[in-house]
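The values are calculated or read from the model by the stated rules, or taken from the named source; none is laboratory data. Since the model is a prediction, treat every value here as computed from it, not as a measurement. Heads up, the Cβs are rebuilt from the backbone with ideal geometry, glycines too, and the neighbour counts pull from every protein chain shown.
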Amino acid sequence: MPDERRNFTRVPFHIYVEIQYLGQVITGQVVDLSLKGFFVQSEQKIALGEELDVKLRMPSTNPPLEFRLRAETIRATTEGIGLKIIGADVQAFTHLRNIVAMQSNDPDRVLDELLPKE
């Protein structure tokens, strides 16, 4: 895809999400994610450019996995919301990295994406 702008591996993965927006909680389901962003399937809308507190939840794991990060809305469609990750603590980023690497056909590439480009 010549006009593809993504530099990070994007993988299909379904995880619940809760987004804090204007004093309310918007719920949805992540349908794909990368180390830099994700797409949330939701009927609720969020304005572009909004910085949000996001909680990702995997209740089916034992113990249930939950982590938080900051994201900005960069895309809105009738199907949902595209979010760019703008902040995550080490633990949240580690969970994200592990999920993307495990779901990828090329886990080594995912790890290489973390290295500075020459």
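Tabulated values for the structure
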item: The stretch 21-57, subset farther than 24 Å from Asp112 by Cβ and of a type in the set (Ser, Thr, Tyr), residue farthest from the chain's Cα centre (by Cα); result: Tyr21
item: Hey, Leu69 buried (at least 17 other Cβ atoms within 10 Å of the Cβ), in contact with a helix residue (DSSP H, G or I) (Cβ under 8 Å, 6 or more places away or on another chain) and assigned to a loop (DSSP other than H, G, I, E, B) or not; result: no
item: Which numbered condition Gly23 misses (of (1) touching a residue at least 24 places away in the same chain (Cβ under 8 Å); (2) out of contact with any Leu (no Cβ under 6 Å at 6 or more places or on another chain)); result: (1)
item: Search result, residues across the stretch 51-64 that are within 18 Å of Ile99 (Cα to Cα) and either free of Cβ contacts under 8 Å to residues at least 24 places away in the same chain or surrounded by 15 or more Cβ atoms within 10 Å (Cβ to Cβ) (or both); result: Val54, Lys55, Leu56, Arg57, Met58, Ser60, Thr61, Asn62, Pro63, Pro64
item: The stretch 9-30: number of residues that are in contact with an Asp or Glu (Cβ under 8 Å, 6 or more places away or on another chain), of a type outside the set (Val, Ile, Thr) and exposed (fewer than 14 other Cβ atoms within 10 Å of the Cβ); result: 2
item: Residues of the stretch 77-112 that turn out to be of a type outside the set (D, E, K, R), closer than 18 Å to Glu18 by Cβ and either touching a His at 6+ places or on another chain (Cβ under 8 Å) or surrounded by fewer than 16 Cβ atoms within 10 Å (Cβ to Cβ) (or both), as a count; result: 3
item: Residue in the stretch 31-42 that is exposed (fewer than 15 other Cβ atoms within 10 Å of the Cβ) and touching a strand residue (DSSP E or B) at 6+ places or on another chain (Cβ under 9 Å) present; result: no
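Yes/no per residue for (1) under 18 Å from Ile99 (Cα atoms); (2) modelled with pLDDT of 95 or more; (3) of a type in the set (D, E, K, R); (4) part of a strand (DSSP E or B):
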| residue | (1), (2), (3), (4) |
| --- | --- |
| Thr9 | yes, no, no, no |
| Pro12 | yes, no, no, yes |
| Ile15 | yes, no, no, yes |
| Gly49 | no, yes, no, no |
